[in-house]
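Enquirer: Structure below; questions to follow.
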Amino acid sequence: MISIDLNADLGEGFGRWTLTDDERLLSVVTSANVACGFHAGDAPTMRRVCELAAARGVRIGAQVSYRDLAGFGRRAMDVPPAELTAEVAYQIGALEVFARAAGTRVAYVKPHGALYNRVVRDEEQARAVLNGVLLADPTLPVLGLPGSRLLELAAKAGLPAVEEAFADRAYTDEGTLVARGQEGALVTDPEAVLRRSVELARGGEVVALSGRRIEMRARSLCLHGDTPGAVDLARQVRDALEAAGVRVEAFA
C-alpha cells in the first residue's frame, strides 16, 4: 500500500500571541514541525506542543530558522556559516529538552521559511544547516524540497533525506516553490488542494503554476496550519488520501 506522512508547522506563537490551532491539528497530522524560538515559539509553547504531540503519538520535528521573530523567518538574511551551524544545533537542542520531558524525542529537522528556500540552491548555507544537525544529533532525518542541496548533502553524510511536497503551494517548472509574493503562489481552492494531495501521494506528480505537469515524489506532505480553515482542510486531505487507498503514517 502507498503511504505518506502528513506534517504541519505548529507552535507558531509567542507569548500571548497564537497562530496555529495546535491541539486540533495534532489530531490529524502524523508529524509536527515545532517552531524553536527563532521565527516563532517560546519555551512554554514548545513544551506544550511537545506534550500534546507525545500524547497523540505524533512525531516531533525541529523547525529551525534564521533568527527573525519580527519577519516570521521569511526575510532573506546572510548569516555566517559557523554562526548558522551553532544556531541550528541550539534550536534542535532546545526542543529536545521538552520532547524528552514529554517522553519522546526530536525525530527529524526541517528548515523554515527563508532558510528552507535558501538551502535549495545555496550549498554554503545548506552545509551550515547540515553541520548544525550533525552537531546536535548525527542520526536525525532531514526534511526538505526534492532535489535541494540540503537533501543531497544530508544523503552524502549518511542522514535520511526525506522529500516533502506542498499541496497548497504553487510550483515552478523547475520544482521549486513559487515566491509567496507572486500571484498564484498559494493554492486556496479546497478542491484543488484535495486533488493535488492525492495526485502527489499516488502519482508523484503536481501541476506547476504554468500548467505543466512535473514530477514531485515525496514521502511527506505539508499542510500549512496558519491559513483560515486549516484544521478542517487538513482533515479533508487526510480523509481524501485514505479514501484513495493511501495509508497516512509518519516517516520517522
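The values are calculated or read from the model by the stated rules, or taken from the named source; none is laboratory data. Source: prediction; values computed, not measured. Quick reminder, even Gly has a Cβ in these numbers, built from the backbone with ideal geometry, and neighbours come from all protein chains shown. These accessible areas exclude ligands, DNA and RNA; they are computed on the full protein's heavy atoms, side chains included. Shrake-Rupley method; radii C 1.70, N 1.55, O 1.52, S 1.80 Å.
Enquirer: Can you compute the modelled spin-label distance between residue 78 and residue 191, with each label point 7 Å from Cα toward Cβ, in nm?
Expert: The answer from the label model is 4.8 nm.
Enquirer: Something else now. When only Cα pairs under 8 Å and 6 or more residues apart are kept, what is the percent relative contact order across region 73-163?
Expert: Working: 128 pairs, mean separation 27.1, N = 91.
Computed value for region 73-163: 30 percent relative contact order.
Enquirer: Evaluate the charge dipole of region 105-244 about its Cα centre and quote only its size in Debye, nearest 20, assuming +1 on the Cβ of each Lys and Arg and -1 on the Cβ of each Asp and Glu. List each step's numbers first, then the result.
Expert: Details: 18 positive and 20 negative charges, 59 e Å.
Here region 105-244 has a charge dipole of around 280 debye.
Enquirer: Based on DSSP H assignment, which helices of the chain show an axial Cα extent of at least 27 Å together with a mean Kyte-Doolittle hydropathy greater than or equal to 0.5?
Expert: Qualifying helices, which must be both long enough and hydrophobic enough, are 81-101.
Enquirer: Just by accessible area at a 1.4 angstrom probe, what is the order of 98, 166 from largest to smallest?
Expert: Ranking 98, 166 by accessible area, largest first, yields 98, 166.
Enquirer: Starting from the Cα of residue 242, move 7 Å in the Cα-to-Cβ direction to define the label point; list residues of region 147-173 whose amide nitrogen is under 20 Å from there.
Expert: Of the residues in region 147-173, 167 have backbone N under 20 Å from the label point off residue 242.
Enquirer: With +1 on each Lys and Arg Cβ and -1 on each Asp and Glu Cβ, how big is the dipole of region 1-102 about its Cα centre, in debye rounded to the nearest 20?
Expert: So the dipole magnitude of region 1-102 works out to roughly 200 debye.
Enquirer: Kirkwood hydrodynamic radius, region 115-159, all distinct C-alpha pairs: what's the number in Å? Display every interim value, and only then the final one.
Expert: On the way: mean 1/r = 0.0992 Å⁻¹.
So the Kirkwood estimate lands at 10.1 Å.
Enquirer: Counting Lys and Arg as +1 and Asp and Glu as -1, what is the net charge of the other residues whose Cβ lies under 10 Å from the Cβ of residue 118?
Expert: -1
Enquirer: Could you sort 110, 156 by their accessible area in this structure, using a 1.4 Å probe and putting the largest first?
Expert: The most accessible residue leads, giving 156, 110.
Enquirer: Test of understanding: what is the full-extension gain from residue 56 to residue 100, defined as 0.36 nm times their sequence separation minus their Cα-Cα distance?
Expert: Details: separation 44, 0.36 × 44 = 15.84 nm, distance 1.49 nm.
Fully extending the segment from residue 56 to residue 100 adds 14.3 nm.
Enquirer: A further question follows. In region 1-103, what trypsin sites (Lys or Arg not before Pro) fall in a loop by DSSP, with at most 10 other Cβ atoms inside 10 Å?
Expert: Answer by residue number: 16.
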